[in-house]
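Please read the structure below before turning to the comments.
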Amino acid sequence: MFCFSAAAVRSQSIYSSTASLRRLCSAAAGEGAKKGYWVTQVVDIKDKAKYSDYEEASMSTFAPGNKYGAKTLISEPIAKVLKGNENIQIAALVEFDSVQAAIDVWDDPEYVAARSILGDTNDESSVVERRVCVIEADPIEEIHPGDGFWLNHVEEILDEEKFDRYAESSMPVFDSAHFGQVVHQHVGSKKIKMAAALRFNSIERALDTYNDSPEYISARFAGTMEDVEDHVVARTICAVEVPETKLRRSRAKSRGNGRQ
């Protein structure tokens, strides 16, 4: 069954929302408590040894029962970059009890100690280039092995009217869509305005939908994006698969979560 969830629109946000997204956010309002999410794209790991040490050191911060309710839903090498001009290496989706928890965890002393492995805690670019974006959305229902996700970063909407038409038309394509304004960006040289976690019931659908789904092509056509989309939106779309092993670890609740 198709459903969508979206970030609550905050009047104090430095980013403006398009009309369609305001309507979608409004329709999702009142459906229960929201969660905070990190939607992360790892662009380049420059020092694999240090990054591996960071991963190990950060596990305790994200271990089951942590005070932030943090749970890594996906953190995997991407299957394919569907749109964008960067060779993204890893995409991750982490859920938190609240959007505030998703913000506060960054400065938790234990996590700061882990991040210090990456160098100066205000500049980790000598070890890794990544974008960690915080959004607020309804809880994501249980995911399953083999599910596919698009984990998207939107840098700029160049034509709001056309993007509105595309956004509204595209919603039924996804098994669920969780998206919102970036209320905080922890790190990343490229500033992101919107992020999304768009779910499919298979990695095959995640890989094929952009170019092969008649419904999605129709949605792109509605936004005059049938051939190219750079005149409407600048974004990066990463397709990633939910693995069997990651879910087994999560369900067992016996160890920490990997890449953050």
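The values are calculated or read from the model by the stated rules, or taken from the named source; none is laboratory data. From a predicted model like this one, the values you see are computed outputs, not experimental measurements. Cβ sites come from the backbone with ideal geometry, for glycine too, and all protein chains shown count toward neighbours.
Quick check on segment 214-229: of everything there that is of a type in the set (Asp, Glu) and in contact (Cβ under 8 Å) with a residue 40 or more places away in the chain, which residue is surrounded by the fewest Cβ atoms within 10 Å (Cβ to Cβ)?
215
Does residue 153 fit the bill of being assigned to a strand (DSSP E or B) and in contact with a Leu (Cβ under 8 Å, 6 or more places away or on another chain)?
It is false that residue 153 is assigned to a strand (DSSP E or B) and in contact with a Leu (Cβ under 8 Å, 6 or more places away or on another chain).
What number of residues in segment 172-188 are within 23 Å of residue 101 (Cα to Cα) and out of contact with any Leu (no Cβ under 9 Å at 6 or more places or on another chain)?
Adding up the residues that qualify gives 7.
Tell me whether segment 82-99 contains one or more residues that are modelled with pLDDT of 95 or more, farther than 22 Å from residue 242 by Cβ and among the polar types (S, T, N, Q).
Yes: segment 82-99 contains one or more residues that are modelled with pLDDT of 95 or more, farther than 22 Å from residue 242 by Cβ and among the polar types (S, T, N, Q).
Assess whether residue 95 counts as being over 30 Å from residue 218 (Cβ atoms), under 13 Å from the mean Cα position of the chain (by Cα), not in a helix (DSSP H, G or I) and not polar (S, T, N, Q).
So residue 95 passes the test.
Given the conditions (1) surrounded by 15 or more Cβ atoms within 10 Å (Cβ to Cβ); (2) not in a strand (DSSP E or B), and given that residue 76 satisfies all but one, which numbered condition is not satisfied?
(2)
List pairs: first in segment 25-52 and in a strand (DSSP E or B), second surrounded by fewer than 17 Cβ atoms within 10 Å (Cβ to Cβ) and at pLDDT below 95, Cβ under 7 Å, 6+ apart or cross-chain?
35/139; 43/86
What are the pairs with Cβ atoms under 7 angstrom where one residue, in segment 146-165, is closer than 18 Å to residue 43 by Cβ and the other, located anywhere, is crowded, with 20+ Cβ neighbours inside 10 Å and of a type in the set (Ser, Thr, Tyr)? Sequence gap at least six, or different chains.
Taking only residues 6 or more apart or on different chains, the pairs are 152/236; 153/236.
Any chance you could count how many residues in segment 203-240 are farther than 21 Å from residue 147 by Cβ and assigned to a loop (DSSP other than H, G, I, E, B)?
Within segment 203-240, residues that are farther than 21 Å from residue 147 by Cβ and assigned to a loop (DSSP other than H, G, I, E, B) number 10.
Which of the numbered conditions does residue 112 fail, given that it passes all the others? Conditions: (1) among the aliphatic types (A, V, I, L, M); (2) within 27 Å of residue 242 (Cβ to Cβ); (3) surrounded by fewer than 21 Cβ atoms within 10 Å (Cβ to Cβ).
(2)
Does segment 182-201 contain any residue that is assigned to a helix (DSSP H, G or I) and among the hydroxyl-bearing types (Ser, Thr, Tyr)?
no
Suppose we keep only residues that are among the hydrophobic types (A, V, I, L, M, F, W, C) and without any contact (Cβ under 8 Å) to a residue 60 or more places away in the chain within segment 166-200. Which one would you say is nearest to residue 241 (Cα to Cα)?
Here the residue is 200.
Checking residue 112 against (1) of a type outside the set (D, E, K, R); (2) farther than 22 Å from residue 36 by Cα; (3) free of Cβ contacts under 8 Å to residues at least 24 places away in the same chain; (4) in a helix (DSSP H, G or I), which single condition isn't satisfied?
(2)
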